[in-house]
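Q: First the structure, then my questions, so here it is.
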Amino acid sequence: MKTTFKFFEFIGRMSQIFRWSLMRNTKQEDLKQHSFDVAIISHALATIWNEVFLSRVGYMPVDANQAAVCALYHDSQEVFTGDIPTPIKMFGGGIIKGIADQLEGMATSKYLSSLPEQLRPAYQQVFDIPPRIKGIIKAADRISALKKCREEIAAGNSEFKPAAARIEELLKASDLPEVHYFMENFMLDRPMSLDELIEGNGSWLLGDEGGE
């Protein structure tokens, strides 16, 4: 009898896990969307480190592709646990966080058991994130969260202002130079409008012939 493995069915459920569930949202964000954003930013942070800072300090390079892939799965355990907001995790001195960490470990085991045995070692590496890359993903997670907060604030939702202030302070205190580089060069106070993105009504798409 043929065995059908459920790994990708579980992963597909990431789109059913909604973030910021205790807050009023003008636009709902699901876990799959968030994970994509964190993967893009993690890849950027690793690339910034390798191309801008590595030659200055002489430390080890970071595999940007590994950072991106690990980031895609970094919160996938929430398919089993749900999204537990940070203030709830820290309730009671972090007791709930300890329980959540145990549940996430169980969820990872469930993921691996839902794969053919030959594939499990490769996917184990996706879930066992090296400390350096884990730090990058954590920072990327915060940057993604700050972008979400600023989008909500720009839409007139003041409920996200305290979260934005808290996350911004955490990013300012980061000891990763690539984080500060990203914040200075790529992070906007508000989302850009389509007109601002297009610049010149799209004439730049036509090159020199469409300059006027």
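Q: Take the residues in the range 1-34 that are in a loop (DSSP other than H, G, I, E, B) and in contact with a strand residue (DSSP E or B) (Cβ under 9 Å, 6 or more places away or on another chain); name whichever of them is nearest to L112 (Cα to Cα). Before the answer, list the steps.
A: Within the range 1-34, the first condition is being in a loop (DSSP other than H, G, I, E, B), and the residues that meet it are 1-6, 17, 19-29.
After this cut, where a residue has to be in contact with a strand residue (DSSP E or B) (Cβ under 9 Å, 6 or more places away or on another chain) as well, the list is 17, 19, 25, 28-29.
Numbers: I17: 20, R19: 24, N25: 34, Q28: 29, E29: 26 Å.
Applying the filter and picking the extreme gives I17.
Q: Quick one: in the range 183-212, of everything that is part of a loop (DSSP other than H, G, I, E, B) and modelled with pLDDT under 60, which residue is surrounded by the most Cβ atoms within 10 Å (Cβ to Cβ)?
A: So the first thing to find is which residues in the range 183-212 are part of a loop (DSSP other than H, G, I, E, B), and the list is 186-193, 199, 211-212.
Now narrow it down to the ones that are modelled with pLDDT under 60: 211-212.
Values: G211: 9, E212: 4.
This residue is G211.
Q: Determine if the range 78-88 includes at least one residue that is over 30 Å from S158 (Cα atoms) and surrounded by 14 or more Cβ atoms within 10 Å (Cβ to Cβ).
A: yes
Q: Here's something else I'd like to know. Which of the residues that make up the range 39-79 are farther than 21 Å from S144 by Cα, in a helix (DSSP H, G or I) and in contact (Cβ under 8 Å) with a residue 60 or more places away in the chain?
A: Result: V52, F53.
Q: Do any residues in the range 157-185 that are closer than 21 Å to L54 by Cα have Cβ atoms under 9 Å from those of residues that are of a type in the set (A, V, I, L, M) and outside any helix (DSSP H, G or I), where the two are at least six apart or on different chains, and which pairs are they?
A: Note: pairs meeting the criteria are L171/M187; E178/V62.
Q: Let me ask something else. Considering only the range 168-182, state which residues are within 18 Å of the chain's Cα centre (by Cα) and not in a helix (DSSP H, G or I).
A: The answer is S174, L176.
Q: Let me ask you something else. When you go through (1) of a type in the set (F, W, Y); (2) open to solvent by 80 Å² or more (accessible area, probe 1.4 Å); (3) touching a helix residue (DSSP H, G or I) at 6+ places or on another chain (Cβ under 6 Å) one by one for F53, which number turns out not to apply?
A: Only one criterion is unmet by F53, namely (2).
Q: Which condition from (1) under 21 Å from K134 (Cβ atoms); (2) under 17 Å from the mean Cα position of the chain (by Cα); (3) without any contact (Cβ under 8 Å) to a residue 60 or more places away in the chain is the one that Q28 breaks?
A: (1)
Q: Go through the range 14-36 and give me each residue that's under 22 Å from A139 (Cβ atoms), touching a Leu at 6+ places or on another chain (Cβ under 8 Å) and surrounded by fewer than 16 Cβ atoms within 10 Å (Cβ to Cβ).
A: Selection gives F36 alone.
Every residue, every condition in (1) of a type outside the set (A, V, I, L, M); (2) open to solvent by 30 Å² or more (accessible area, probe 1.4 Å), yes or no:
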{"position": "K134", "(1), (2)": "yes, yes"}
{"position": "I137", "(1), (2)": "no, no"}
{"position": "K148", "(1), (2)": "yes, no"}
{"position": "A154", "(1), (2)": "no, yes"}
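The values are calculated or read from the model by the stated rules, or taken from the named source; none is laboratory data. Just so it is clear, the model here is predicted, and its values are computed rather than measured. Counting neighbours? That spans all protein chains shown, and the Cβs are built from the backbone with ideal geometry, glycine included. All accessible areas refer to the heavy atoms of the entire protein, side chains included, with ligands and DNA or RNA removed. Shrake-Rupley method; radii C 1.70, N 1.55, O 1.52, S 1.80 Å.
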